[in-house]
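No lab work stands behind these numbers, since they all come straight from the coordinates. Small disclaimer: the values here were computed from a predicted structure and weren't measured. Cβ atoms come from the backbone with ideal geometry, glycine included; neighbour counts cover every protein chain shown.
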Amino acid sequence: MTRTQVLDLYFMEARSKLIDLAAFLDRVDRAEGEADFRLRAFRDAVSHLSESRPSRARSVLLSLSDPSTEPIPRAPGKGAVGAWPGPEAK
Amino acid sequence: MRYIEPHGHMVSRVTDDYQDMAMAGCACICEPAFWAGFDRRSPEGFYDYFCQLTEHEPKRAAKFGVPHYCWLCINPKESEDVRLAKDVVALIPQFINRPNVLGIGEIGLNKNSRNELQVLEMHVDLAARLDQLILVHTPHLEDKLKGTRLILDVLKNDSRIKPERCIIDHVEEHTIELVLNSGFWAGMTLYPESKCTPARAIDMLENFGTERIWMNSACDWGVSVPLAVPRTGLEMRRRGWLAETIDKVVFQNPARFMGQCPKFKIP
């Protein structure tokens, strides 16, 4: 596909998602209280969008991932929250 | 468009879903054993579930002209209780020769704990001893990368396991290369919020090719879309993919992988 074809297919959808992201960050800013590790992780992930290499999706996913390699002693529950809290949370 | 749904938890779906899938061209459905959304308290609960997967659900699917296959295991979300898991794994051999059972799955990890890893190794050993195909669930979100690495280590460290007889499901952009480069099959799950969207799945196909890869909806009791595979087929058409290449991804590839089980009949 040409770049114009990709833009024709996906620009409006991506524009909509971009505005949603901006509105989400505005919403968090307007809210009260302290944010937890997820906001820091989110902002770090957003920074990968300005990379020039065509592997931004991978970079975003890596930035939100647990980088450790050893199994944990016991599962704390079943769910995942979408961002790694860092080693201090273990 | 003919397609195979290689990963759908149909016990959680309504009959309208079967009808919609059949009308969209679904040639067969394969259902891995799954977490029910709550923990089962005894092996007897799993015995009943395995009966549901091997007796009741195939009959329900047949009413819509759709062949139904399944995979058996205790899902990683219930693997923290190793004692229960041992009892459930011990039930599997009495079901494994039933006509719609394709192998062991979806096994894997959820939170990457030691107990989950121990139960994964029990399943892998069972699959090796019974010469079964393996379908692997990789963890969600922030746990996926680490879990995928741990799972690949377990599989690669067992010399009895042949990578071409294992599919590692729910890959995303940060794990797909690890899986394909190790010789395993990769599954992409099409979810509205987590895992990957149709557009991203097609991106991965364009970046990594169409060999040893399938797509599934993993439709279950949560937010999921039973028609995600044919919808992605339509998206591929919009991106200019040839009909025969789409057919390879949504029909021929899953048929090729599951055809390694002699009980799987190409629909």
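Is the protein assembly as shown best put as rounded, prolate or oblate by its Cα gyration tensor, with a ≥ b ≥ c the root eigenvalues, rounded for a/c under 1.5, and otherwise prolate when a/b is larger than b/c, oblate when not?
On the way: a/c = 1.67, a/b = 1.20, b/c = 1.39.
Verdict is oblate for the protein assembly as shown.
Report, to two decimal places, the Cα Rg of chain B normalised by 2.2 N^0.38 Å (N = number of residues).
Details: Rg = 17.0 Å, N = 267, 2.2 N^0.38 = 18.4 Å.
The value comes to 0.92.
Please go through the residue pairs A:Lys17/A:Lys78; B:Lys156/B:Lys265; A:Lys78/B:Lys144; B:Lys86/B:Lys146; B:Lys59/B:Lys86; B:Lys156/B:Lys263 and name each one whose alpha carbons sit more than 19 Å apart in this structure. Could you put the intermediate results ahead of the total?
Numbers: A:Lys17/A:Lys78 29 Å; B:Lys156/B:Lys265 29 Å; A:Lys78/B:Lys144 13 Å; B:Lys86/B:Lys146 24 Å; B:Lys59/B:Lys86 29 Å; B:Lys156/B:Lys263 26 Å.
Too far apart for the 19 Å limit: A:Lys17/A:Lys78; B:Lys156/B:Lys265; B:Lys86/B:Lys146; B:Lys59/B:Lys86; B:Lys156/B:Lys263.
May I ask you to compute the full-extension gain from B:Ala243 to B:His56, defined as 0.36 nm times their residue separation minus their alpha-carbon distance, rounded to one decimal in nm?
Working: separation 187, 0.36 × 187 = 67.32 nm, distance 3.50 nm.
Contour length minus Cα-Cα distance gives 63.8 nm.
Viscosity 1.002 mPa s, temperature 20 °C: give me the Stokes-Einstein translational D for segment B:126-183 in µm²/s, with Rh taken as the Kirkwood radius over C-alpha pairs. Could the numbers behind the result be given before it?
Details: Rh = 11.7 Å.
Result for D is 183 µm²/s.
To the nearest 0.05, how large is the calculated FRET efficiency for B:Asn207 and B:Ser159 if R₀ is 35 Å and r is the Cβ-Cβ distance?
0.65
Going by how many other beta carbons lie within 10 Å of each one, how would you line up B:Asp158, B:Asp247, B:Asp220, fewest first? Please report the intermediate quantities before stating the final value.
Values: B:Asp158 13, B:Asp247 16, B:Asp220 21.
Taking fewest neighbouring Cβ atoms as first place, the list is B:Asp158, B:Asp247, B:Asp220.
Per residue of A:66-74, count partner chain C-beta atoms within 10 Å of its C-beta, then hand back the mean as an integer. Write down the numbers at each step before the final one.
On the way: counts 10, 3, 4, 6, 4, 12, 9, 3, 6.
Whole-number average of other-chain Cβ neighbours for A:66-74 is 6.
Under a crude label model (7 Å from the Cα following the beta-carbon direction), how far is A:Glu13 from B:Glu177 in nanometres?
Taking the simple label geometry, A:Glu13 and B:Glu177 are separated by 2.5 nm.
To make sure I understand, if each residue's beta carbon is the centre and we count other beta carbons within 10 Å, what order do B:Thr189, B:Thr54, A:Thr2, A:Thr69 fall in, fewest to most?
Details: B:Thr189 23, B:Thr54 19, A:Thr2 7, A:Thr69 11.
Lowest to highest Cβ neighbour count: A:Thr2, A:Thr69, B:Thr54, B:Thr189.
If each DSSP helix of 4+ residues adds -39,500 (n - 2.57) and the sum is divided by the residues in chain B, what number results at 222 nm, nearest 500 deg cm²/dmol?
Details: 11 runs with 104 residues, N = 267.
Rounded to the nearest 500, it is -11000 deg cm²/dmol.
Going by how many other Cβ atoms sit within 10 Å of their own, how do B:Val82, A:Val60 line up, fewest first? If you can, show how the numbers build up before the last one.
Values: B:Val82 14, A:Val60 20.
Taking fewest neighbouring Cβ atoms as first place, the list is B:Val82, A:Val60.
Efficiency by 1/(1 + (r/R0)^6): what FRET value for A:Asp29 and A:Ser52, r their Cβ-Cβ distance, R0 = 22 Å, to the nearest 0.05? Let's see the in-between values first.
On the way: r = 28 Å, r/R0 = 1.29.
Once rounded, the FRET efficiency stands at 0.20.
At 18 angstrom or more along the helix axis (alpha-carbon based) and mean Kyte-Doolittle of -1.0 or higher, what helices does chain B contain? Whole DSSP H runs only.
Values: long enough: B:114-130 (24 Å, -0.04); B:144-157 (19 Å, -0.03).
Result, helices passing both filters: B:114-130, B:144-157.
If one computes the Cα centroid of segment B:36-110 and of segment B:168-242, what distance in Å separates the two points?
Value for the Cα centre distance between the two parts: 24 Å.
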